[in-house]
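**Student:** Please see the structure below; I have some questions.
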Amino acid sequence: MSKLVGCFLLLLTAYWYSYVQQKREKEKLNKLFALCKLFDHTQKNISYFHSSLGEIFQTYADPILENCGFLPLWREHRLMEAIDCISDLYPTSVIQTLQQYALHAGKGYIDEEVRLCTYTHDVLEETCQKQCEEQKTKNKMYKTLPYLLVISIVLLLY
Amino acid sequence: MEYIEQIILTKLPLPIAKAVKEALLKYSGMVEEIRLRANRPIALTLRTKLLLVEYVCTPSDLENAVLLLCNHSLYSYADTIREGYIPVAAGIRAGICGQAVLNNREISVLKNISSICIRLPHRVPHAADQIIDALERKNYTENVLIFGPPGTGKTTVLRELTAALTSMPIYKKVALIDTRHELSVDLDDSVTIDVLSGYPRSKGMEIALRTLAPEYIICDEIASESDQHALLECGNCGVHLCASIHASTLQDLRANPALQKILVLFQWFYQLDNSHHGTLFPSTKELVG
């Protein structure tokens, strides 16, 4: 009986771990997509309306970036602190690109500013595509994990 | 401290804001200008007095100040920076100067900012009462030109005139051409007002005339030939005009051949002197020629 309970607990843990990991990966990717959208919106507002960063950020709404604390800091123009909020989620190259943006944002004339936004957006979009591919592979792995465990248990017990 | 002074403190780098705050608290409502110059102490203009603050601005202070005044968005103010100013907020205007980089004889970029002159607008109720009384006598069918040297309160008088014309009991339809975003400040009681904010003066007048059917067009700092041409067009179309122009005396106005065409449009001239005192003159044949 205790063996069966132990197996059940192991299985439950494997399922739970698999579920949490998949959810985390999905959230990570959603945040990256949300960042992409933010930079696309910023770039368009700068090119079309020459709006100031303050105006753009104040009027921008995105529940994903809002909930992770990125957008409130971004709105207060605490760009570096906002980037720190998400720095452990993404590769160093992405974080460095965001930091470069934070360092130079608003300090140039229109062409420079649009170029800076477009570059940051492109880097984020490229990372999105890469992470999408990675996520597919990882999801497969997380999904097969509980099944592998079941097989292992069956092999061990019988 | 007044609302406008609180705003400007948020738009200055921390060391400058700290240095200026005490003076703003002490002379609240009296500070007309804050002048920041590279490697020189901060100077505040209090009506007729100059007050030096013991803080010497560094070039990097000025750079930071420009960024803050621009809302961290230099590109957004590039056009006005080329014209020499930044419209900050609530009618505050920062005049800036530095080293101009020319491209085809036009200023393309301004670098090495060396001075910033921040002008704080103040409402002066009843500043336009003399003009309103004169206009009322002819049932608001006459035009007025306000003139005076820089810093004598032309914009303030125009703002008060706008406020009076567009609120109870006069309610005239007024198109306000606010090229530098400083005229249409604090006009919450104005009902019959249409503000063309940021438009070039001549274009703004043309649009107002064609699309807004105003009874009055109000416009600050008439300067270029195109502004004068637009004024003439509006004046000849039956719209009444209130405008301001830089000139010290009536003789200066008369002596400027470029102004002769537009002087005939005005029935009243309002002269402001350095003590912000205004005198209203009726138009005469000797004056307009």
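Readers should treat all values here as calculations from the given coordinates under stated rules, not as data from a laboratory. Keep in mind it's a predicted model, so treat the numbers as computed, not measured. So basically every Cβ, Gly included, is an ideal-geometry build from the backbone, and we count neighbours across all protein chains shown.
**Student:** If you add up the charges near A:Lys28, with Lys and Arg at +1 and Asp and Glu at -1, over every other residue whose beta carbon is less than 11 angstrom from its beta carbon, what do you get? Walk me through the numbers before you get to the answer.
**Tutor:** Numbers: positive: A:Lys23, A:Arg24, A:Lys26, A:Lys31, A:Lys138; negative: A:Glu25, A:Glu27, A:Asp88, A:Glu134.
The answer is +1.
**Student:** Hey, which of these cross-link pairs are over 31 Å Cα-Cα: A:Lys31/A:Lys140; A:Lys37/B:Lys11; A:Lys44/A:Lys130; B:Lys49/B:Lys154; B:Lys11/B:Lys261; A:Lys37/A:Lys136?
**Tutor:** The answer is B:Lys11/B:Lys261.
**Student:** If you average over every viewing direction, what projected area does the convex hull of the Cα atoms of chain A give, in nm²?
**Tutor:** 11.0
**Student:** Only Lys, Arg, Asp and Glu count, each charged at its Cβ (+1, +1, -1, -1), so figure out the dipole size of the protein assembly as shown about its Cα centre, rounded to 20 debye.
**Tutor:** Working: 45 positive and 50 negative charges, 230 e Å.
Its charge dipole is roughly 1100 debye.
**Student:** Grab every C-alpha pair in region B:1-157, bin the distances at 5 angstrom width from 0 up to the longest one, and report whole percents.
**Tutor:** Answer for region B:1-157: a P(r) of 2, 8, 17, 19, 17, 13, 10, 7, 5, 3, 1, 0 percent.
**Student:** What number comes out for the charge environment of A:Lys138, summing +1 per Lys or Arg and -1 per Asp or Glu over other residues with Cβ under 11 Å away? Write down the numbers at each step before the final one.
**Tutor:** Numbers: positive: A:Arg24, A:Lys26, A:Lys28, A:Lys136, A:Lys140, A:Lys143; negative: A:Glu25, A:Glu133, A:Glu134.
Residues near A:Lys138 contribute +3 overall.
**Student:** Can you give the FRET efficiency to the nearest 0.05 for B:Asp129 and A:Leu12, using r as the Cβ-Cβ distance and R₀ = 60 Å?
**Tutor:** Efficiency, from the Cβ-Cβ distance: 0.10.
**Student:** For chain B, what is the percent of antiparallel DSSP beta bridges, rounded to the nearest 5?
**Tutor:** 60
**Student:** Please build a GNM for chain B, connecting alpha carbons under 10 Å apart, and tell me which residue among B:Val185, B:Val56, B:Val109 fluctuates the most.
**Tutor:** Largest GNM mean-square fluctuation: B:Val109.
**Student:** Positive end of the dipole of region A:1-144, charges at C-beta (+1 Lys, Arg; -1 Asp, Glu), about the Cα centre: which of A:Thr13, A:Tyr90, A:Leu103 has its Cα farthest in that direction?
**Tutor:** Farthest along the dipole direction, towards plus: A:Thr13.
**Student:** For region A:68-143, take every pair of Cα atoms, bin their distances at 5 Å starting from 0, and report each bin as a whole percent.
**Tutor:** 3, 14, 20, 22, 18, 11, 6, 4, 2, 1
**Student:** Still on this structure, please answer the following. At 7 Å along Cα-to-Cβ for each site, give me the label-to-label distance between A:Ser47 and B:Leu25 in nm.
**Tutor:** Result: 4.9 nm between the two label points.
**Student:** Next question, about the same structure. Which of the three applies to chain B, rounded, prolate or oblate, going by the alpha-carbon gyration tensor with a ≥ b ≥ c and a/c under 1.5 meaning rounded?
**Tutor:** Numbers: a/c = 1.84, a/b = 1.60, b/c = 1.15.
Prolate, since a/c reaches 1.5 and a/b exceeds b/c.
**Student:** What percent antiparallel are the DSSP beta bridges of the protein assembly as shown, to the nearest 5? Present the calculation step by step, with values, prior to reporting the outcome.
**Tutor:** Details: 33 of 55 bridges.
Around 60 percent of the beta bridges assigned by DSSP in the protein assembly as shown are antiparallel ones.
**Student:** For region B:1-84, count the residues as N, evaluate 2.2 N^0.38 Å, and divide the Cα radius of gyration by that value, please.
**Tutor:** On the way: Rg = 13.0 Å, N = 84, 2.2 N^0.38 = 11.8 Å.
With N residues counted in region B:1-84, Rg over 2.2 N^0.38 Å equals 1.09.
**Student:** While we're here: Looking at region A:102-158, which GluC sites (Glu not before Pro) are in a loop (DSSP not H, G, I, E or B) and have at most 16 other Cβ atoms within 10 Å?
**Tutor:** Answer in residue order: no site qualifies.
**Student:** Would you mind listing how long the protein assembly as shown runs along its three principal axes, going by Cα atoms, in whole Å with the largest first?
**Tutor:** 119, 51, 46
**Student:** Still on this structure, please answer the following. More than 24 angstrom separation, counting every C-alpha pair in region B:148-249; what % is that?
**Tutor:** Values: 764 of 5151 pairs.
The answer is 15 percent, as a whole percent.
**Student:** Mind grabbing the base-10 log of I(q)/I(0) for region B:71-192 at q = 0.11, 0.16, 0.23 Å⁻¹? Debye formula, identical points on the C-alpha positions, no solvent, two decimal places.
**Tutor:** For region B:71-192 at q = 0.11, 0.16, 0.23 Å⁻¹, log10 I(q)/I(0) is -0.49, -0.84, -1.33.
**Student:** Which FRET efficiency value, to the nearest 0.05, do you get for A:Glu66 and A:Thr92 by plugging their Cβ-Cβ distance into 1/(1 + (r/R0)^6) with R0 = 41 Å? Write down the numbers at each step before the final one.
**Tutor:** On the way: r = 25 Å, r/R0 = 0.62.
With a Förster radius of 41 Å, E is 0.95.
**Student:** Report, in debye and to the nearest 20, how large the dipole of chain A comes out about its Cα centre when Lys and Arg carry +1 and Asp and Glu carry -1 on their Cβ.
**Tutor:** Around 880 debye, computed over chain A.
**Student:** If you take the beta carbon distance between B:Asn64 and A:Glu134 as r and set R0 to 51 Å, what does 1/(1 + (r/R0)^6) give as a FRET efficiency, to the nearest 0.05?
**Tutor:** E(calc), rounded to 0.05, equals 0.75.
**Student:** What is the fewest-to-most order of B:Thr58, B:Thr179, A:Thr59 by other Cβ atoms lying within 10 Å of their Cβ? Present the calculation step by step, with values, prior to reporting the outcome.
**Tutor:** On the way: B:Thr58 14, B:Thr179 22, A:Thr59 11.
Arranged by neighbour count, lowest to highest, B:Thr58, B:Thr179, A:Thr59 become A:Thr59, B:Thr58, B:Thr179.
**Student:** Let me ask something else. Per residue of A:103-112, how many C-beta atoms from partner chains lie within 10 Å of its own C-beta, taken as a mean?
**Tutor:** Neighbouring Cβ atoms belonging to other protein chains average 4 per residue here.
**Student:** Among residues other than B:Ala38 whose Cβ falls under 13 Å from its Cβ, what is the net charge (Lys/Arg +1, Asp/Glu -1)?
**Tutor:** On the way: positive: B:Arg35, B:Arg37, B:Arg40, B:Lys111; negative: B:Asp61, B:Glu63.
Net of charged neighbours comes to +2.
**Student:** Using only the Cα atoms of region B:78-121, what semi-axes does the equivalent ellipsoid have when each is the square root of 5 times a gyration tensor eigenvalue? Give whole Å, largest first.
**Tutor:** Equivalent ellipsoid semi-axes, largest first: 21, 11, 6 Å.
**Student:** Right, next: Counting only DSSP beta bridges with both residues in region B:63-197, tell me the antiparallel percent, nearest 5. Let's see the in-between values first.
**Tutor:** Working: 13 of 18 bridges.
Taking every DSSP beta bridge with both residues in region B:63-197, the antiparallel ones total about 70 percent.
**Student:** While we're here: What Kirkwood hydrodynamic radius do you get for region B:198-280 when you take the inverse of the mean 1/r over all pairs of distinct Cα atoms, in Å?
**Tutor:** 13.4
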